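I have placed the structure first, in the form of structure tokens, so that the comments after it can refer back to it.
The values are calculated or read from the model by the stated rules, or taken from the named source; none is laboratory data. Nothing here was measured: the structure is a model prediction, and the numbers come from that model. Virtual Cβ from ideal backbone geometry, glycine too; neighbours counted across all protein chains shown.
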Amino acid sequence: MGEDNSALLRVENLEKRFERRDALGSKDAVTALRGVSFSLFPQTTLALVGESGSGKSTLALCLACLEKPTSGRIWFGGKEITSLRELELRRIRPQIQLVFQEPANSLSPRLTALDIVSEPLIIQRRLEKEARRETACALLGRVGISLEKGRQRPDEFSGGQRQRLAIARALALEPKVLILDEALSALDCSVQAQIVNLLLDLQSSLGLTYLFVTHDFAMAAHFSSQIAVMDEGKIVEMGTTDEVLRGAKHPVTERLMAAAMECKTSSSTLRVV
């Protein structure tokens, strides 16, 4: 891959192998990523689409500096980050934030919404107490959570509200990239649409860049400007959304598109009934 100075995030020939043991104690190597290369450009949305086990989430963890690749390189903001030591990675992680499928797993049930959004600022030792509270209040308002709800805990929120809260928390450290790992798949269609509209508004106002990890081809096509299709740890097809929709070449892409159409037809039938 040739160097692209305009890319915010650039991945070159990334590989990730895990070692596992079977019931008898024998070691076995599993390759989760196989020579993955792509570029993510500022203020765009790239959808990473694939079936379960295709390597999407492993790639997301590598990009967020939460898993170390076995080989290959990642550039962020023009800086190669795969060779950085842990102390240096701590300065990078706040700029690349993850939002997961089920926010309840990443939100402390003991904290209020305001405390949850303030927590990253405390960990990073940013701002004084009053400034942290003001920032948290502003972030909750930005994602559509009222100040009254700021005193509630996650179990008092609906699934969509918890996802809004997770987004607010991810924004606390002013990241440049949000990785949305199946962040919409646990929500019903109407709530999905609301969260997508929120994400589009945030992208426009804050200049955010998104990597949208999903198995849902229809949502990827609706939300993203580019699509990369993964299968068995590799990117097997990539292009603008229009290019992929109009000229799918790989069987996995065709299968995902067919599943999306079948799901859409079933949903329409259910609404009619």
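Within segment 124-182, the residues that satisfy the criterion of being among the charged types (D, E, K, R) and under 17 Å from Leu111 (Cβ atoms) are Lys129, Arg132, Arg133, Glu148, Lys149, Arg151, Arg153, Asp155, Glu156, Arg162, Arg164, Arg169. Screening Leu180, Leu184 for residues that are assigned to a loop (DSSP other than H, G, I, E, B) and either over 19 Å from Ile96 (Cα atoms) or out of contact with any Cys (no Cβ under 9 Å at 6 or more places or on another chain) (or both) leaves exactly one candidate, Leu184.
Tell me, yes or no, whether segment 197-213 has at least one residue that is among the aliphatic types (A, V, I, L, M), assigned to a strand (DSSP E or B) and crowded, with 17+ Cβ neighbours inside 10 Å. The answer is yes; a qualifying residue exists. Against the test of being among the acidic types (Asp, Glu), out of contact with any Asp or Glu (no Cβ under 6 Å at 6 or more places or on another chain) and touching a residue at least 60 places away in the same chain (Cβ under 8 Å), the options Glu156, Glu119, Glu102 yield a single qualifying residue, Glu102. Only one of the numbered conditions (1) surrounded by fewer than 19 Cβ atoms within 10 Å (Cβ to Cβ); (2) among the aliphatic types (A, V, I, L, M); (3) closer than 27 Å to Leu165 by Cα; (4) at pLDDT 95 or above is violated by Val191, and that is (4). Residues that are of a type in the set (Ser, Thr, Tyr) and either surrounded by fewer than 14 Cβ atoms within 10 Å (Cβ to Cβ) or touching a Leu at 6+ places or on another chain (Cβ under 6 Å) (or both): does segment 112-129 have at least one? Scanning segment 112-129 turns up no residue that is of a type in the set (Ser, Thr, Tyr) and either surrounded by fewer than 14 Cβ atoms within 10 Å (Cβ to Cβ) or touching a Leu at 6+ places or on another chain (Cβ under 6 Å) (or both).
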